[in-house]
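The values are calculated or read from the model by the stated rules, or taken from the named source; none is laboratory data. Keep in mind that what you see is a predicted model, and the values were worked out from it rather than measured. Cβ placement follows ideal geometry from the backbone for every residue including glycine, while neighbour counts extend to all protein chains displayed.
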Amino acid sequence: MKFRQLQDNLRRRLLERISHTELSALRLAGQTGFKQPHITNFLNRKRSLSLDAMDRVLNVQKMSVLDLIDPEEINKRASILPPSEGDFENVVLVEGTIAAGEPLIISEKVKDILKFKKSFLKRLRPATEVPRDGWQRFVLVKVDAHDGMSMYPRLLPGATVLIDRHYNSLEPYRKSEPNMYAVRKNGGATVKYVELAERNLVLRPHNQSYPISIVPIEDGKTFADYIVGRICHVAIET
């Protein structure tokens, strides 16, 4: 992929955020320190950005170069998953930091690969508030001791959870029970119930002996930017 294509993809991503009223040229100028005409001319294809300017835009918008690369291009150059066989789909197990921050997961970041029935995965309904078209949909993480006990008895320490990263809506998946989410926090991912209170995410544990935590939503972000995905399957080793 050429540098010009990366710039075009960055422009498209920014315009998507502007169309969803998550961003404006004026706000982006304030975040990056550029003058507004500089940003507007880039968005209108009247000028390009230098490498340093692109880095600054990516940094303030919490994006990486991987967000700008077409998935097909990644697939040509890196083995992300081995081919699935028959009725089963391969799903990668990764660290929470990788699940939270990397749209496409390369083989070097994979800790293990587990198989899930394709029919099960196809039944799962996505629900996106922020587009995730370029994101590898399903990933697995192991829950640490704190998260496991804070969500007891729905989780236990060491449980393996399947995350649907194409579900970043707060709409309940089932009316009878609240969604469990993997949520970005402190550079990684934590598993909690999630509520929205003005410009804050309220992360609520199932085990009431553990405290509620509050995550302020940054300017230019929405609650959906913090949601890694919905927990749609739990496996507990005995």
### Task
Please verify whether segment 1-10 includes one or more residues that are farther than 18 Å from residue 65 by Cα and out of contact with any helix residue (DSSP H, G or I) (no Cβ under 9 Å at 6 or more places or on another chain).
no
### Query
Which pairs have Cβ atoms under 8 Å, sit 6 or more apart or on different chains, and link a residue in segment 108-122 that is on the phi < 0 side of the Ramachandran plot to one that is part of a helix (DSSP H, G or I) and not aromatic (Phe, Trp, Tyr)?
109/98
### Task
Could you check, for segment 201-212, whether at least one of its residues is aromatic (Phe, Trp, Tyr), surrounded by fewer than 18 Cβ atoms within 10 Å (Cβ to Cβ), assigned by TED's automatic domain parsing to the domain that holds residue 171 and out of contact with any Lys or Arg (no Cβ under 8 Å at 6 or more places or on another chain)?
yes
### Query
With respect to the numbered conditions (1) touching a strand residue (DSSP E or B) at 6+ places or on another chain (Cβ under 6 Å); (2) surrounded by fewer than 16 Cβ atoms within 10 Å (Cβ to Cβ); (3) closer than 28 Å to residue 62 by Cβ, which one is the sole condition not fulfilled by residue 235?
(3)
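Yes/no matrix, rows are residues, columns are (1) outside any loop (DSSP other than H, G, I, E, B); (2) over 12 Å from residue 234 (Cα atoms); (3) among the polar types (S, T, N, Q):
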residue	(1), (2), (3)
148	yes, no, no
153	no, no, no
156	no, no, no
179	no, yes, yes
191	yes, no, no
201	yes, yes, no
### Message
Kindly evaluate residue 167 against the criterion of being under 22 Å from residue 62 (Cα atoms) and modelled with pLDDT of 95 or more.
### Response
yes
### Message
Quick check on my filter: what residues within segment 20-33 are more than 12 Å from residue 61 (Cβ to Cβ) and modelled with pLDDT under 90?
### Response
20, 21
### Query
Which residue, of 193, 152, is among the aromatic types (Phe, Trp, Tyr) and surrounded by fewer than 17 Cβ atoms within 10 Å (Cβ to Cβ)?
152
